[in-house]
Amino acid sequence: MHFHIVTIFPEMFNSYINESIIARAIKNKKISISIYNPRDYTIYKHKKVDDTPYGGGPGMVMAVDPMVRAVKKVQQKINRRKNKEKVKIIMTSPSGKDFTNEYSGKLIKNKYTDIIIICGRYEGIDARVKKIFKAEDVSIGNYVLTGGELPAMIMVDVIARRIPRVLGNIESLEENRVSSSEMYTRPEMYEYDGKKYKVPKVLLSGDHKKIEEWKKGRK
Ligand code: ADE
């Protein structure tokens, strides 16, 4: 799966991309993540990418042309691969369709090869971008963030971990096992502020049946 992120804040993705499971998935070529900054494609003075809204109102709107140029760049890159690409274009928006496990599952099941995520900012993106690319507005939850970068990272994370072999054997096993919200590791007893915090006895018992039952009860 190839992820393409269109954002005016590309640095935000650096640490996320270079850590842990996502970094390993990129290294193992299970996924790729490319970042495109509309500022690199704008032909406006001072690398401008936004403007005041028609009809008035507070804040700025991301202008259509720099966005279109950036997304076109992504499409050109995808088309150069000359494989059977299936591309989904998502636009982050607090008023979009809910991003759920089901939504991410469908993207995998429908065998999309490329997902373009356009990160919204300011008051919004000129509505023509969505029309031109037939993008789908998607929201990660019922709250308003300052921009679409965090939603984009969340979407990539949720989708990537569902791609076969992105999670290692142990991580997949952990997922499928009866897991509990309560986990412990050494020491068996931890003292804090005069109080003793002990690991539940059942976990030390070695009785796997009892342990599984206990975990179910903690879910
Ligand atoms: N941009 C701002 N808030 C958002 C949200 N909840 N989901 C997706 N994009 C957003």
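What tally of residues in the range 21-68 results from selecting those that are hydrophobic (A, V, I, L, M, F, W, C), more than 23 Å from V156 (Cβ to Cβ) and open to solvent by less than 40 Å² (accessible area, probe 1.4 Å)? Steps first, please.
First pass over the range 21-68, keeping only residues hydrophobic (A, V, I, L, M, F, W, C): 21-23, 25-26, 31, 33, 35, 43, 49, 60-64, 67-68.
Restricting the remaining residues to those that are more than 23 Å from V156 (Cβ to Cβ) gives 43, 60-61, 63-64.
In the following step, the residues that additionally are open to solvent by less than 40 Å² (accessible area, probe 1.4 Å) were identified as 61, 63-64.
Total satisfying the criteria: 3.
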| field | Neighbours by Cβ (under 9 Å, 6+ apart or cross-chain): first from the range 194-218, more than 14 Å from M183 (Cβ to Cβ); second of a type in the set (A, V, I, L, M) and modelled with pLDDT of 95 or more | value | K196/M189; K198/M189; K210/V202; E213/V202
| note | The residue that is farthest from the ligand (Cβ to nearest atom), considering only those in the range 112-129 that are modelled with pLDDT of 95 or more and under 30 Å from K29 (Cα atoms), is T113
| task | Please verify whether the range 1-9 includes one or more residues that are modelled with pLDDT of 95 or more and open to solvent by 80 Å² or more (accessible area, probe 1.4 Å). | result | no
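Considering only the range 40-56, I want to know if a residue exists there that is aliphatic (A, V, I, L, M) and assigned to a helix (DSSP H, G or I). So that I can check it myself, show each step before the final result.
Pass one, the range 40-56, residues aliphatic (A, V, I, L, M): 43, 49.
Applying the additional criterion that residues be assigned to a helix (DSSP H, G or I) yields none.
No - not one qualifying residue is present in the range 40-56.
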| said: Under 6 Å between Cβ atoms, which residue pairs at least 6 apart in sequence (or on different chains) link something in the range 123-147 that is over 14 Å from K88 (Cα atoms) with a partner that is within 11 Å of the ligand (Cβ to nearest atom) and open to solvent by 30 Å² or more (accessible area, probe 1.4 Å)? | reply: S139/P94; I140/I154; V144/P94; G147/R121
| field | Residues (at pLDDT 90 or above and assigned to a loop (DSSP other than H, G, I, E, B)) located in the range 204-219 | value | S205, G206, D207
| task | Could you list, in sequence order, all residues of the range 173-203 that are modelled with pLDDT of 90 or more, assigned to a helix (DSSP H, G or I) and open to solvent by less than 90 Å² (accessible area, probe 1.4 Å)? | result | V202, L203
| request: Search the range 82-106 for residues being more than 16 Å from the ligand (Cβ to nearest atom) and open to solvent by less than 80 Å² (accessible area, probe 1.4 Å), and hand back the single one that is nearest to F133 (Cα to Cα). | output: V87
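Would it be correct to say that K72 is open to solvent by 30 Å² or more (accessible area, probe 1.4 Å), at pLDDT 95 or above and under 18 Å from I132 (Cβ atoms)?
Working: open to solvent by 30 Å² or more (accessible area, probe 1.4 Å): yes; at pLDDT 95 or above: yes; under 18 Å from I132 (Cβ atoms): yes.
Spelling it out, K72 is indeed open to solvent by 30 Å² or more (accessible area, probe 1.4 Å), at pLDDT 95 or above and under 18 Å from I132 (Cβ atoms).
Kindly indicate whether V156 is within 23 Å of S34 (Cβ to Cβ), among the β-branched types (V, I, T) and either modelled with pLDDT under 90 or within 14 Å of the ligand (Cβ to nearest atom) (or both). Full working, then the answer.
On the way: within 23 Å of S34 (Cβ to Cβ): yes; among the β-branched types (V, I, T): yes; either modelled with pLDDT under 90 or within 14 Å of the ligand (Cβ to nearest atom) (or both): yes.
Against the criterion (within 23 Å of S34 (Cβ to Cβ), among the β-branched types (V, I, T) and either modelled with pLDDT under 90 or within 14 Å of the ligand (Cβ to nearest atom) (or both)), V156 qualifies.
The values are calculated or read from the model by the stated rules, or taken from the named source; none is laboratory data. As the structure is a computational prediction, the values presented were derived from the model and not from experiment. Note: ideal-geometry Cβ built from the backbone for every residue, glycine included; neighbour counts use all protein chains shown. Surface areas here come from the heavy atoms of the whole protein model, side chains and all, with no ligands, DNA or RNA. Shrake-Rupley method; radii C 1.70, N 1.55, O 1.52, S 1.80 Å.
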